[in-house]
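Note sheet for the following structure.
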Amino acid sequence: MNLSSICGTMMAAFVLDAMPVNASFQSIPGAIFQPDNARPHVAKTVRDFCSARHMQLLPWPAYSPDMSPTVHVWDLVGRRLSRDPPPAAAKDELLLRIQAIWNSLPQADIQNLFESMPRRMAFLITVRGGYTKY
């Protein structure tokens, strides 16, 4: 077994440990969960867990950054990180910089991304799942 599969197995176990946090949502009539395609979220153990609990899952397109506000938030972090040289000298320094940038992001910017989702979805439907300007 290689390191990648060990890490994936450990992350899947972490996801399963976090699932009870979402238990209250499972009782909402008509609730649909949409996991992204991250390996831990699509691991067999996680799929089996959801199936055993009759959780309705909505498939996530293979690569759809235009539909993920999180991707855009990370883009904001990356842009700020790259404009503030010099590069981090060590992993710990990089993590501290990322955390500082993340914590300083204006909440209004993040809120705007989430509020843009209906417009993004409508446009995606218009282009029938094709390229979007987002």
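Within a Cβ distance under 14 Å of N103, other residues only, what is the Lys/Arg minus Asp/Glu net charge? Please list the in-between numbers first.
Values: positive: R80, R97; negative: D109.
Neighbour charge sum, excluding N103 itself: +1.
Tabulate in residue order the Karplus-calculated ³J(HN,Hα) for region 114-122, using 6.51 cos²θ - 1.76 cosθ + 1.60 with θ = phi - 60°, rounded to whole Hz; enter x for Gly and Pro.
Taking θ as phi minus 60°, the curve returns 5, 6, 7, 4, x, 5, 4, 5, 4 Hz for region 114-122.
If we count other beta carbons within 10 Å of each Cβ, what is the order of M55, M117, fewest first?
Working: M55 17, M117 13.
Taking fewest neighbouring Cβ atoms as first place, the list is M117, M55.
Applying 1/(1 + (r/R0)^6) with R0 = 25 Å to the Cβ-Cβ distance of L57 and T132, what FRET efficiency is obtained, to the nearest 0.05? Please report the intermediate quantities before stating the final value.
Numbers: r = 24 Å, r/R0 = 0.95.
For R0 = 25 Å, the calculated efficiency reads 0.60.
Across region 105-112, in residue order, what do the Karplus-derived ³J(HN,Hα) couplings come to in whole Hz, using 6.51 cos²θ - 1.76 cosθ + 1.60 with θ = phi - 60° and x for Gly and Pro?
Values per residue, Gly and Pro as x: 4, x, 4, 4, 5, 5, 4, 4 Hz.
Throughout, read-outs are computed from the coordinates displayed, never taken from laboratory work. Owing to the predicted nature of the structure, the values given are computational and were not obtained by experimental measurement. Heads up, the Cβs are rebuilt from the backbone with ideal geometry, glycines too, and the neighbour counts pull from every protein chain shown.
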